[in-house]
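Down below is the structure, laid out as structure tokens.
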Amino acid sequence: MDRPALADFLTRSRARLTPADCGLAPTARRRTPGLRREEVAHLAGLSVDYYARLEQARGPQPSPQLLAALARALRLSEDEHDHLFHLSGHEPPRRHSPLTHVRPGLLLILDRLHDTPAQVLSDLGDVLVQNAMAAALLGDVAAHPPGRRNIVLRWFAEPATRALFAPEEHEDLARGHVAHLRAAHAARPGDPRVAELLAQLHATGAEFAFYWERHEVAVRRSSRKTVLHPQVGRLELECEVLVAGGTDQVLVVHSAAPGSDSAGRLELLRVVGGAGLAARA
């Protein structure tokens, strides 16, 4: 059980809610945002004193039943629900089993996506394998040592990585990287690889620490991204995240709307390859 992190997560989750979010009657103007402790305790069906001790990092380990009640009271997402269980020293309903060996099924799919950028990521953001189109679009990770193939670390440590994406998307991408890492960190307590990665990230400067301290949690999902490719130009892409048999490895596939300018540029990229991009990756 990680009492300090649990206390921080509960406090910040409570601060994000209003009485109206939880079906409570509005009250007089509040000095601080969010629900009061007694309101969370009421919604979860536990004593105010017990809940206060949890937020003060001095309470006993909550039971799975109590955690489920708190998750409902705080309107937590599925990812945040699992994070709450992990911080409390319990396994959530779905389990994580981190691996570095890529599943044969994922490799089989990757081999067939010859005209679409695709790569397999670990739950920590390590690029485990990528096809030729992904290397042409985002840079060939094989040009980097294994310890520098992590998309979160490269985002915060290497300006050239950010230069591949539209500036207006940088904040959302940074928040998404860190929120996903938060979830993976809680799911892998005591893992030396996680500790090593966090040390590297904190060494990159204050920006990572700023996002990490926000304690946002969100497992990587499908999204839209704009890539500013040095050869073919601006590509507006759908980023599909496909999960196979767990959450320790995902297949990430980039595609463009059929008939769009981006689709034409993606086809051009397939023809010309990624010559010159490796230096920027």
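Odds and ends about this structure:
- Members of the range 219-273 that are in contact with a Leu (Cβ under 9 Å, 6 or more places away or on another chain), of a type in the set (Val, Ile, Thr) and under 20 Å from Leu106 (Cβ atoms): Val241, Val243, Val250, Val252, Val253
- Inclusion of Val120 among residues that are at pLDDT 95 or above and aliphatic (A, V, I, L, M) is not warranted.
- Qualifying residue in the range 104-113 (condition: acidic (Asp, Glu), surrounded by fewer than 18 Cβ atoms within 10 Å (Cβ to Cβ) and in the same structural domain as Glu267 (by TED's automatic domain parsing)): yes
- Among residues of the range 202-223, those that are within 15 Å of His180 (Cα to Cα) and not hydrophobic (A, V, I, L, M, F, W, C), counted: 9
- Taking the range 57-69 as the range and being modelled with pLDDT of 90 or more, surrounded by 17 or more Cβ atoms within 10 Å (Cβ to Cβ) and over 19 Å from Val219 (Cβ atoms) as the test, the residues that pass are Pro62, Leu66.
- All told, Ala134 meets the bar of being among the small types (Gly, Ala, Ser), part of a helix (DSSP H, G or I) and either out of contact with any helix residue (DSSP H, G or I) (no Cβ under 6 Å at 6 or more places or on another chain) or not assigned by TED's automatic domain parsing to the domain that holds Asp248 (or both).
- When residues of the range 70-79 are limited to those that are in a helix (DSSP H, G or I) and in contact with a Leu (Cβ under 8 Å, 6 or more places away or on another chain), the one surrounded by the most Cβ atoms within 10 Å (Cβ to Cβ): Leu70
- Taken together, Ala132, Ala174, Ala142 contain a single residue that is farther than 18 Å from Ala203 by Cβ and touching a residue at least 24 places away in the same chain (Cβ under 8 Å), which is Ala132.
- Within the range 1-23, considering residues that are small (Gly, Ala, Ser) and free of Cβ contacts under 8 Å to residues at least 24 places away in the same chain, the one surrounded by the fewest Cβ atoms within 10 Å (Cβ to Cβ): Gly23
- Hits in the range 215-232 - residues which are surrounded by fewer than 16 Cβ atoms within 10 Å (Cβ to Cβ) and closer than 19 Å to Glu78 by Cβ: Arg221, Ser222, Ser223
- For the range 233-251, filtered to residues that are at pLDDT 95 or above and either crowded, with 20+ Cβ neighbours inside 10 Å or in a loop (DSSP other than H, G, I, E, B) (or both), the residue that is nearest to the chain's Cα centre (by Cα) is Leu237.
The values are calculated or read from the model by the stated rules, or taken from the named source; none is laboratory data. Predicted, not measured: the structure shown is a model, and the values here were computed from it. Cβ sites come from the backbone with ideal geometry, for glycine too, and all protein chains shown count toward neighbours.
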